[in-house]
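Written below as structure tokens is the structure these notes are about.
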């Protein structure tokens with residue numbers, strides 16, 4: 001019922017579309033899509049469901065979930081990695097086109113003004129951290145590590161890294177993986193016991209971050225990137241298993257979980 005009252009579908013206009021890098025097929029690799037803000041107040045880590053108003057083909061009818069990259073009174077912005085037909089359609093939108101979205105949805109990252117925080121983004125999982133940095137009262141306590149397989153030109157890196165200590169790692173082959181893990185381990189070792197780790201990215205990276213955080217004895221939150229169709233707990237397409245062996249919807253109980261509360265080895269996917 002809360003969805004119908006607070007997160008109902010809304011048709012909104014596309015304001016701007018900025019494209020970065022090149023995908024193997026020749027189109028953009030990542031797109032920054034800005035749409036009208038229908039009055040949302042967003043907290044970093046939340047997401048929205050988004051689709052073009054005229055999806056067209058029946059197999060493209062489902063909206064896609066996207067972390068909210070930035071939001072102000074005028075616009076809600078998303079970073080869209082072009083990985084399939086649905087995201088390709090979104091990347092092809094132009095200013096003035098109509099889209100349908102609902103949100104803001106889900107839980108959000110903890111924000112602690114007194115404790116150092118390490119943010120770890122993997123690929124398009126970098127998206128929620130720009131809003132986090134911009135809204136944090138102590139940017140001097142923040143550090144960002146960004147791991148990616150696409151060239152850095154495929155991302156708006158200057159905007160992502162603005163105002164915070166940041167480093168990026170371009171993983172180009174399996175031989176780079178051990179070096180990236182070593183980098184994460186070193187950055188966690190620099191945190192005090194009360195430090196905080198936040199991570200968003202693909203499941204293998206989140207498993208690694210969880211293991212390293214537990215080993216380092218620091219607190220950690222993970223934002224899961226499960227597939228979703230509705231975003232409001234109705235379709236059961238994004239279920240994961242908790243540490244208490246309970247099956248829960250990532251869209252309503254997450255996407256942000258404390259690392260010790262979620263079993264990343266027992267995810268249920270459709």
Original post:
When only residues in the stretch 118-163 that are part of a loop (DSSP other than H, G, I, E, B) and in contact (Cβ under 8 Å) with a residue 40 or more places away in the chain count, which is surrounded by the most Cβ atoms within 10 Å (Cβ to Cβ)?
Top reply: 127
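Out of all the residues in the stretch 214-237, which are assigned to a loop (DSSP other than H, G, I, E, B) and modelled with pLDDT of 90 or more?
Step one: of the stretch 214-237, the residues assigned to a loop (DSSP other than H, G, I, E, B) are 217-218, 224-237.
Correct list: 217, 218, 224.
Going through the stretch 162-204 one residue at a time, which ones are within 21 Å of residue 22 (Cα to Cα) and under 20 Å from the mean Cα position of the chain (by Cα)?
Within the stretch 162-204, 168, 169, 170, 171, 201, 202 qualify.
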Original post:
Mind checking whether some residue in the stretch 230-252 is touching a residue at least 24 places away in the same chain (Cβ under 8 Å) and within 15 Å of residue 120 (Cα to Cα)?
Top reply: no
Original post:
Do the conditions hold for residue 100, that is, is it touching a strand residue (DSSP E or B) at 6+ places or on another chain (Cβ under 8 Å), at pLDDT below 95 and in a strand (DSSP E or B)?
Top reply: yes
**OP:** Go through (1) closer than 26 Å to residue 48 by Cα; (2) surrounded by 15 or more Cβ atoms within 10 Å (Cβ to Cβ) and name the single condition residue 207 misses.
**Re:** (2)
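Answer yes or no: is there a residue in the stretch 198-213 that is free of Cβ contacts under 8 Å to residues at least 24 places away in the same chain and closer than 22 Å to residue 109 by Cα.
Yes, the stretch 198-213 contains at least one residue that is free of Cβ contacts under 8 Å to residues at least 24 places away in the same chain and closer than 22 Å to residue 109 by Cα.
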**OP:** State yes or no: is residue 191 in contact (Cβ under 8 Å) with a residue 12 or more places away in the chain and surrounded by fewer than 15 Cβ atoms within 10 Å (Cβ to Cβ)?
**Re:** no
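Given 93, 33, which one is under 16 Å from the mean Cα position of the chain (by Cα) and either more than 25 Å from residue 150 (Cα to Cα) or outside the structural domain of residue 193 (by TED's automatic domain parsing) (or both)?
Just a single option satisfies the conditions, and that option is 33.
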Original post:
Where residues in the stretch 29-63 are at pLDDT below 90 and touching a helix residue (DSSP H, G or I) at 6+ places or on another chain (Cβ under 6 Å), which of them is surrounded by the most Cβ atoms within 10 Å (Cβ to Cβ)?
Top reply: 52
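The values are calculated or read from the model by the stated rules, or taken from the named source; none is laboratory data. Everything quoted here is computed from the prediction, not taken from an experiment. Quick reminder, even Gly has a Cβ in these numbers, built from the backbone with ideal geometry, and neighbours come from all protein chains shown.
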